[in-house]
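Right, one structure below, let's go through it.
The values are calculated or read from the model by the stated rules, or taken from the named source; none is laboratory data. Predicted model, so just to flag it, every value in this text is computed and none were measured. All Cβ positions, even for glycine, are placed from backbone atoms using ideal geometry, and neighbour counts span all protein chains on display. In case anyone asks, the SASA skips ligands and DNA or RNA and just uses the protein heavy atoms, side chains included. Shrake-Rupley method; radii C 1.70, N 1.55, O 1.52, S 1.80 Å.
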Amino acid sequence: MASTSAAGSDITGFTRELFMGRLNSKFMHPFPEPKEEDLETLKMLVDPFSKFMENENDAAKNDRECAVDEAVKESLKPMGAYGMMTPEEYGGVGLDHTGYARLVEVVGAHDLGLGIHLGASQSIGYKGIVLYGNKEQKEKYLPKLASGEHVAAFCLTEDGSGSDAQSIKTRAVPADDGSGDFILNGGKIWISNGGLAEVFTVFAQTPQPDGKDKMTAFIVERGFGGITNGAPEKKMGINCSNTTTLNFDDTRVPAANVLGEVGGGFKVAMGILNQGRFGMGGALTGTMKTCMKYAAAHAAERTQFGKKIGEFEMIQGKLAGMATRLYATESLAYAIAGNMDRGVTDFQMEAACGKVFSSECAWWVADETLQILGGLGFMREYPIERIVRDLRIFRIFEGSSEILRLFVALYGVKAAGDDLKPLQKALKNPLANLGAIVGPAVSIARARIGAPEKPSLDFAPAQLRPAADVVEDCAARLGAATRELLLKHGKGIVDRQLPLERAASAAMEITAATAAIARATRAVSRSTDTAALEVSLANGFALEAGQRVRALIRDMTPSSEAGTTIDPLRRDIAKSVIAAGEYPARHPLGF
Amino acid sequence: MRVFVGVKRAVDYAAKVRIQADKKAVDISNVKMAINPFCEIAVEEAVRLKEKKVAEEVVAVSIGPKQAQEVIRQALAMGADRGIHVTTDMRVDQELQPLAVAKIMAALTGEHDPSAWLLGKQAIDDDSNQVAQMLAGLLDWPQATFASEVEVSEDKKSATVTREIDGGLQTIEVPLPAVISADLRLNEPRYATLPNIMKAKKKKIDTVDAASLGVDLAGQIEVLEVSEPATREAGSKVEDVDALLAKLKADGLL
Ligand SMILES: Cc1cc2nc3c(=O)[nH]c(=O)nc-3n(C[C@H](O)[C@H](O)[C@H](O)COP(=O)(O)OP(=O)(O)OC[C@H]3O[C@@H](n4cnc5c(N)ncnc54)[C@H](O)[C@@H]3O)c2cc1C
């Protein structure tokens, strides 16, 4: 299943084009899917894995005890759960992205904390060795990691360095004995599996010939010495995942354990995160489906005012909103995974959209489920309160919603300037070089202000025209608003986060809606048993999203009320809050 | 010793079934299917015999349409060595009936010479509980049905089988070859691991057309009508035991 076909390698991303008012439907349609025989294998994998999770893992107990049950961990090792995507030659299961997404969906449906324990090892902890390791490193580390005999951790965050990963202070300097080894010193915080891992991917500054520091990635074994971890942090959720500080005190790391190039650590870190992000969409669809089960059952069973509450329109509205968001999230998650499998390399913006969209939809879905359940949802004996606690962190780690919105919007805005060449260097890290990206783009945008062709989703069948019309209209509007924004603000756009945030949110919704339309199109063309329902879900999502998106785009433009009045007001209010250090208004009673 | 295990693809135990519009069968067009749980127990037992070095080869046999291969693959993932798929388009939950199944298995027996057939005691779709008995009859082999424990002798010439019978357990010894059918408590089947499922893809499954075996596949039973069980009426809650007793008395049940 690990075979990556080159068939899709010439397909470019979808989301970037939106900012130019274009719909690159090739990314979404035909909706990517695995070969028949891979699907059959995957089907076989899902069944025993689901039964295992259902019957053997007790998420509530893991949560209570703040640790994954030892017996469960022992069983998960031979199951292959610690090395799902690791190539078979290194003892892994060798799944492709679609296969991984489908299996972590099972994990996400049952226990997000366990999901983070497993994911922190394979999706980020040792992913770097799979992606960037040399043959010796792979042979040395992967077999034990894939089998779960060892677990791994990804060590980037420090107390002074969260979203701004490049500002880390942990440092590795060449040993003065001329061995080529590095001596590592520094402290990391909030490292998942920090107290359990044998193998760490550690990011540290290393001195460069020019005297400046640059980040390098290292494979560090606990046995190297000088490594200590703190007590497990007490957290709001994902309690069974182990989160600790990690300290390196003169840890000697052999030269052979540099991962990738010396000085190439930031690229390695971003590569790992970009590559791993698609999985979250899969896992969180599983969580949302679990929520839906509870919500649907309660709506059908609970009687108030002589009626099942599911007969009340407000409850129906919630259920429909949940189902349409779930459909969109699921469609986007499998569109991204499927594209990665067919060799598409330009998926980073979509993966960022998928991460933000899935974590926010899952939060919304879990919250509405709790509301439908009423007081029951708040009770510990029901899993929903745990799911809500577990879900909250997904909007923060592995790229917060804010940072990924900036990432999407800035790449999009840059693309709207079209001619990338002179910018490419600056673009390697758009967040650090915000000004450099946008400056030249503006002049180019000015030059090509003519109206672009009308964007089109011409593959959509008649039943899906309502959704397709909305997406086409929104794409055209986003393109126009992006140009207007660039012309008005020029370089200064990088500091206009409120319109950028709206642009990113709009792009995310359009991306998800298009994935849903492409998937429903496939269902229609195959007349599957749920085709009619899928048409409703895709239309339902797109029409509702369209209302949100039109408002967002309206508010993006500098001449809008948001641009001229509301945003300046909000900035001023925020300034007063920060200056006061608390709620700044006088009490209505005066004291 | 070579052990043959029968694996039937049946409606998943957790699936909600509906009846076809013509009321002649259960509608299986979009229902989740799975290995029959008793067959899964039989596979587990066979694989354990192999792990104990009692059996050299475990062969999983399924009769049915193309998708029957899914349950063979599952048996292979659990540890069976190879599979035989006997193809037929007859519905295995009612058209292809126990006697025909037993005849097919008997025909395979002549060709492959197993020392034992391990079967589930019944399948959860038609609940016939007949194949093991009929197969033993056709082959003139001893039968040990409803096994909750199986012990093969050192010389592999016989097996001691504990049977679950009404009111207790019965232990019998049967000379091999024999037909053994698995009861619920024989073992707890393992979860197929992901790596073993991947490896199972490379194991061999031979295909044989049921029609080519020269046996009469015709059914002996005609299904007149299939209907839903009566829906259970809603119960009511009582405060305590006294109230329960009073209510039962009032309803004339005590
Ligand atoms: C349970 C848990 C597990 C974790 N596991 C790991 C792990 O295994 N490995 C690891 O390396 N790290 C891990 N982390 C750390 C995690 O990745 C960081 O918390 C995350 O990157 C955000 O950093 P921060 O918390 O320092 O927030 P900050 O970066 O300080 O951000 C605070 C707020 O400001 C916003 N913000 C920041 N910059 C901007 C900007 N330019 N514009 C607008 N808004 C901005 C953020 O979105 C956020 O809302 C974990 C954290 C937790 C809580």
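Comparison of A:Leu246, A:Leu273 shows that the only residue that is within 13 Å of the ligand (Cβ to nearest atom) and touching a Leu at 6+ places or on another chain (Cβ under 9 Å) is A:Leu273. The residues listed here are A:Gly338, A:Gly399; of these, the one that is within 17 Å of A:Asn274 (Cα to Cα) and in contact with a Pro (Cβ under 8 Å, 6 or more places away or on another chain) is A:Gly338. The number of residues in the range A:83-97 being under 18 Å from A:Ile116 (Cα atoms) and open to solvent by less than 10 Å² (accessible area, probe 1.4 Å) comes to 3. Counting only helices (runs of 4 or more DSSP H) that fall entirely inside the range A:1-98 and contain at least 2 residues that are over 30 Å from A:Ala475 (Cα atoms), the qualifying elements are A:36-56, A:59-65, A:70-79. The number of residues in the range B:60-84 that are under 13 Å from B:Asp206 (Cα atoms), out of contact with any helix residue (DSSP H, G or I) (no Cβ under 7 Å at 6 or more places or on another chain) and either assigned to a loop (DSSP other than H, G, I, E, B) or more than 14 Å from every other protein chain (Cβ to nearest Cβ) (or both) comes to 3. Just for the range B:98-122: of the residues that are of a type outside the set (A, V, I, L, M, F, W, C) and within 16 Å of B:Ala218 (Cα to Cα), which one is surrounded by the most Cβ atoms within 10 Å (Cβ to Cβ)? Among those residues, the one meeting the criterion is B:Pro98. Can you pull out the residues in the range A:182-191 that are open to solvent by 40 Å² or more (accessible area, probe 1.4 Å) and either within 14 Å of chain B (Cβ to nearest Cβ) or within 11 Å of the ligand (Cβ to nearest atom) (or both)? Within the range A:182-191, A:Trp190 is the sole residue that qualifies.
Within the range A:23-52, restricting attention to residues that are of a type in the set (D, E, K, R) and within 13 Å of chain B (Cβ to nearest Cβ), the residue that is farthest from A:Ala468 (Cα to Cα) is A:Lys51. For the range A:307-320, the criterion of a residue being touching a helix residue (DSSP H, G or I) at 6+ places or on another chain (Cβ under 7 Å), of a type in the set (Lys, Arg), surrounded by fewer than 23 Cβ atoms within 10 Å (Cβ to Cβ) and in contact (Cβ under 8 Å) with a residue 12 or more places away in the chain is satisfied by at least one position. Determine, yes or no, whether A:Ile124 is within 15 Å of the ligand (Cβ to nearest atom), away from every other protein chain (no Cβ under 14 Å) and touching a Phe, Trp or Tyr at 6+ places or on another chain (Cβ under 8 Å). Considered against the rule, which asks whether it is within 15 Å of the ligand (Cβ to nearest atom), away from every other protein chain (no Cβ under 14 Å) and touching a Phe, Trp or Tyr at 6+ places or on another chain (Cβ under 8 Å), A:Ile124 comes out as yes. Might you let me know whether the range B:56-67 holds any residue that is out of contact with any Lys or Arg (no Cβ under 8 Å at 6 or more places or on another chain), open to solvent by less than 40 Å² (accessible area, probe 1.4 Å) and on the phi < 0 side of the Ramachandran plot? Checking the range B:56-67: at least one residue is out of contact with any Lys or Arg (no Cβ under 8 Å at 6 or more places or on another chain), open to solvent by less than 40 Å² (accessible area, probe 1.4 Å) and on the phi < 0 side of the Ramachandran plot. Go through the residues of the range B:224-238 one by one and say whether even a single one is within 30 Å of B:Ala60 (Cα to Cα), part of a loop (DSSP other than H, G, I, E, B) and at pLDDT 90 or above. The answer is no, given that none of the residues of the range B:224-238 is within 30 Å of B:Ala60 (Cα to Cα), part of a loop (DSSP other than H, G, I, E, B) and at pLDDT 90 or above. Do we have A:Tyr90 as over 23 Å from A:Thr244 (Cβ atoms), away from every other protein chain (no Cβ under 14 Å), modelled with pLDDT of 95 or more and touching a Leu at 6+ places or on another chain (Cβ under 9 Å) here? It is false that A:Tyr90 is over 23 Å from A:Thr244 (Cβ atoms), away from every other protein chain (no Cβ under 14 Å), modelled with pLDDT of 95 or more and touching a Leu at 6+ places or on another chain (Cβ under 9 Å). Applying the criterion of being under 18 Å from the mean Cα position of the chain (by Cα) and among the acidic types (Asp, Glu) to the residues of the range B:123-145, the residue that is most open to solvent (accessible area, probe 1.4 Å) is B:Asp127.
Among the residues of the range A:169-181, is any within 16 Å of the ligand (Cβ to nearest atom) and closer than 25 Å to A:Ile393 by Cα? Looking through the range A:169-181, at least one residue is within 16 Å of the ligand (Cβ to nearest atom) and closer than 25 Å to A:Ile393 by Cα. Across the range A:293-303, a minimum of one residue is classified as free of Cβ contacts under 8 Å to residues at least 24 places away in the same chain, within 14 Å of chain B (Cβ to nearest Cβ), part of a strand (DSSP E or B) and more than 16 Å from the ligand (Cβ to nearest atom). For the range A:99-113, the condition holds for at least one residue, the condition being that it is within 12 Å of chain B (Cβ to nearest Cβ) and within 26 Å of A:Val202 (Cα to Cα). Among the residues of the range A:513-528, are any in the same structural domain as A:Pro461 (by TED's automatic domain parsing), touching a helix residue (DSSP H, G or I) at 6+ places or on another chain (Cβ under 9 Å), without any contact (Cβ under 8 Å) to a residue 24 or more places away in the chain and assigned to a helix (DSSP H, G or I)? Yes, some residue in the range A:513-528 is in the same structural domain as A:Pro461 (by TED's automatic domain parsing), touching a helix residue (DSSP H, G or I) at 6+ places or on another chain (Cβ under 9 Å), without any contact (Cβ under 8 Å) to a residue 24 or more places away in the chain and assigned to a helix (DSSP H, G or I). The residue of the range A:57-81 that is surrounded by the fewest Cβ atoms within 10 Å (Cβ to Cβ), among those that are under 22 Å from A:Ala101 (Cβ atoms) and within 10 Å of chain B (Cβ to nearest Cβ), is A:Lys77. Output the residue which, of all residues in the range A:388-403 that are in a helix (DSSP H, G or I) and near the ligand (Cβ under 9 Å from one of its atoms), is farthest from the other protein chains (Cβ to nearest Cβ). Only one residue fits best here, namely A:Glu402.
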